[in-house]
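Following: one structure in structure tokens, then a few remarks.
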Amino acid sequence: MNSNKPTLVVLAAGIGSRYGGLKQLDTFTPEGDTIIDFSIYDALQAGFGKFVFIIRKSIEQEFRAEIDPKLAGKAEVAYVFQEIDKVPEKYFNPDRVKPYGTGHAMLMAKDAVKENFAIINADDFYGREAFVSMAKYLQSIDKNSHDFSMMAYLLKNTISEHGFVSRGECAVDEKGFLSNVVERTHIERIDGILNRKDDDGSFIPIDENTIVSMNFWGSTPRCFEYTEQLFDSFLEENQGNLKSEYFIPLIVNGYLENGTGSVKVLTSDAKWFGVTYKEDKAAVQEAILQLKKNDIYPQNLW
């Protein structure tokens with residue numbers, strides 16, 4: 001296999017509490033396609049050569065039954081598990097219910113990823129151009145460097161009409177590099193205006209053209225060393241907090257603050273869409289139907 005082919009890491013261990021079910025395997029077309037199917041299809045076309053799925057042990061069987069036949073003979077596949085006990089023993093808290101967030105999930109892929117890689121959410125539709133742009137960038141950078149990258153989207157194109165969403169608000173410098181990212185865990189349209197909820201619970205307007213991260217990051221394998229160190233510090237600081245989450249933006253900001261590396265902001269004309277709530281499903285189904293009608297995707301992906 002061409003060693004310059006990047007790896008795609010897919011975050012699929014989430015519980016989907018707002019969606020009310022296992023949205024990673026929910027189908028969106030008469031042919032039975034999941035959103036992950038489109039990401040895998042696009043990534044294969046863009047030149048990704050290996051796929052690493054981060055899941056929970058409890059969904060392994062049904063997940064593999066869905067994924068393995070599609071990628072057989074096309075790419076290397078690995079599965080890694082994110083569970084609440086996958087932490088240093090002294091920090092394990094049996095009362096915890098939710099996993100520790102996207103940064104912890106990424107760390108679970110450490111032993112499976114030896115190439116430059118991108119990481120995405122399982123339940124977001126990112127669009128073909130986004131994968132092409134990311135693959136090209138990952139193939140251009142030295143795997144021993146600390147060059148991060150992220151795919152940028154405009155906030156107004158990533159909102160649900162059915163409730164609040166969580167987004168990474170990005171500040172980008174004049175050279176197209178990220179200067180910082182803030183995880184906004186509650187952004188909602190209220191009376192036609194986009195607002196974010198502040199730490200004290202008050203709502204503050206946010207520009208609809210704000211650049212946001214949709215958790216589509218690119219990196220070299222060097223990031224794992226730093227991610228591990230930072231996770232230890234995070235666990236130390238959050239002992240006893242059952243809801244604390246270690247997000248990828250925390251890692252990215254750590255990188256930027258201590259000058260370890262840089263984050264190139266990539267843009268594409270790709271249209272993002274996703275399902276946070278059950279009610280989002282109809283709009284996504286309609287959008288995918290149009291893409292198939294316009295021959296962007298074949299009727300049968302596999």
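In nanometres, what is the gap between the two model label sites at Asn144 and Asn4, each 7 Å from Cα along Cα-to-Cβ?
Placing both labels 7 Å along Cα→Cβ, they lie 1.8 nm apart.
Provide the net charge surrounding Glu208, with neighbours chosen by a C-beta distance below 10 Å and charges set as Lys +1, Arg +1, Asp -1, Glu -1.
Charge balance in the 10 Å sphere: +1.
Around Glu188, under 9 Å between beta carbons, what's the net of Lys plus Arg minus Asp minus Glu among the other residues?
Numbers: positive: Arg189, Arg196, Lys197; negative: none.
For residues surrounding Glu188, the net value is +3.
Antiparallel DSSP bridges in the chain: what percent, to the nearest 5? If you can, show how the numbers build up before the last one.
Numbers: 27 of 49 bridges.
The answer is about 55 percent antiparallel.
Relative contact order of region 113-232, please, whole-number percent, based on alpha carbon pairs below 8 angstrom and at least 6 residues apart.
The normalised contact order for region 113-232 reaches 38 percent.
Averaging sequence separations of C-alpha pairs under 8 Å and six or more residues apart, then dividing by the length of region 7-293, give the relative contact order as a whole percent. Please report the intermediate quantities before stating the final value.
Details: 525 pairs, mean separation 73.0, N = 287.
Taking the mean separation of contacting Cα pairs over the length of region 7-293, I get 25 percent.
Would you please give the residues with an amide H less than 5 Å from that of Leu194, counting only those at least 5 places away or on a separate chain, with H modeled from the backbone geometry?
Amide H neighbours of Leu194: Ile206.
Taking the dipole about the Cα centre of the chain, with the C-beta of Lys and Arg at +1 and of Asp and Glu at -1, give me whichever of Thr276, Pro69, Leu250 is farthest to the positive side.
It is Pro69.
How far apart, in nm, are two points set 7 Å out from the Cα along the Cα-to-Cβ line at Glu31 and at Glu83?
Once both label points are built, they end up 3.6 nm from each other.
Mind running the shape call on region 104-160? Use the C-alpha gyration tensor, a ≥ b ≥ c as the square roots of the eigenvalues: rounded below 1.5 for a/c, prolate if a/b tops b/c, oblate otherwise.
Judged from the Cα gyration tensor, region 104-160 comes out oblate (a/c at least 1.5, b/c at or above a/b).
Positive end of the dipole of region 109-171, charges at C-beta (+1 Lys, Arg; -1 Asp, Glu), about the Cα centre: which of Ile141, Ser166, Phe117 has its Cα farthest in that direction?
Checking the options against the dipole of region 109-171, the answer is Ile141.
Can you tell me the dipole magnitude for the chain around its Cα centre, using point charges on the Cβ only (Lys, Arg +1; Asp, Glu -1), in Debye to the nearest 20?
Roughly 620 debye, rounded to the nearest 20.
How large is ³J(HN,Hα), in whole Hz, for each residue of region 147-153 in order, when computed from phi with the Karplus curve 6.51 cos²θ - 1.76 cosθ + 1.60 and θ = phi - 60°, using x for Gly and Pro?
3J(HN,Hα) across region 147-153, in whole Hz: 8, 8, 8, 8, 8, 9, 9.
How many nm separate the modelled label positions at Glu129 and His162, each set 7 Å beyond the Cα in the direction of the Cβ?
Going from the Glu129 label point to the His162 one covers 2.7 nm.
List the trypsin sites (Lys or Arg not before Pro) in region 224-275 that DSSP assigns to loop (not H, G, I, E or B) and whose Cβ has at most 11 other Cβ atoms within 10 Å. Which are they?
Counting only loop positions with at most 11 other Cβ atoms within 10 Å, the trypsin sites (Lys or Arg not before Pro) in region 224-275 are Lys243.
Percentage of Cα-Cα pair distances in region 7-293 greater than 25 Å, rounded to whole percent? Working shown, then result.
Working: 18863 of 41041 pairs.
When all Cα pairs of region 7-293 are counted, 46 percent exceed 25 Å.
Between region 36-56 and region 236-259, how far is it from one alpha carbon centroid to the other, in angstrom?
Region 36-56 and region 236-259 have Cα centres spaced 27 Å from each other.
Asp85: net charge of surrounding residues, Cβ under 14 Å, Lys/Arg +1, Asp/Glu -1, itself excluded?
Details: positive: Arg56, Lys57, Lys86, Lys90, Arg96, Lys98; negative: Glu83, Glu89, Asp95.
Result for the local shell: +3.
Values in this text are rule-based calculations from the coordinates and carry no lab data. Only a predicted model underlies this, so the values are computations on that prediction, with no experimental measurement involved. Don't worry about glycine lacking a Cβ; one is built from the backbone with ideal geometry, like all the others, and counts go over all protein chains shown.
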